[in-house]
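Step one of this worksheet: look at the structure below.
The values are calculated or read from the model by the stated rules, or taken from the named source; none is laboratory data. None of the values given here were measured: they were computed from a predicted structure. Surface accessibility is based on the protein's heavy atoms, side chains included, excluding ligands, DNA and RNA. Shrake-Rupley method; radii C 1.70, N 1.55, O 1.52, S 1.80 Å.
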Amino acid sequence: MSDTESQRAEDTTDSPGTAKAQTMRRGGGDPGARGRTTIADGVVEKITGMAARDVAGVHAMGSGMSRTFGAVRDRVPGGSKSEVTRGVKAEVGEKQTALDLEIVVEYGVSISEVARDVRENVVAAVERMTGLEVVEVNIAVSDVKLPDEEDEEPEPRIK
């Protein structure tokens, strides 16, 4: 029997683990590890924005001015940045990501506790969903929402 025939005979035997052995022999490794996955900054920003908003004590994301411009931009067809990503900036590498958040907190909450909770929630969500290591989460608290303040939404020009 030639080397080629013995290789074929080995490939066609029905012993346990044969399918995996064939897969590894033919492609050079685990099929799930072949190729490369890239994750866009916007994907990480959306995950981050959702995770930050889930934390009690976070009233809104972004500064007052960015929320105002964002509300106007949302009313314009083709407005770019979504509500979810407002106040979030992500830098994404091949295996790691760094995040910057700007938040508005509710009056009366402990800002340090809210910031800690936001970091914990964001890191857990981003690492679980993307597999990226979150190396830092920088949080800027740009405002405090007082109980008697109205939200800064511009009046619509058209009724």
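Quick check: with the 1.4 Å probe, what order do Leu146, Leu101 take by accessible area, largest first? Write out the running numbers ahead of the final one.
Values: Leu146 65, Leu101 5 Å².
The residues order as Leu146, Leu101, largest area first.
In whole Hz, with x marking every Gly and Pro, tabulate ³J(HN,Hα) for the stretch 38-52 from phi via Karplus 6.51 cos²θ - 1.76 cosθ + 1.60, θ = phi - 60°.
Here the 3J(HN,Hα) series is 10, 10, 5, 3, x, 5, 5, 5, 5, 4, 4, x, 5, 5, 5 Hz.
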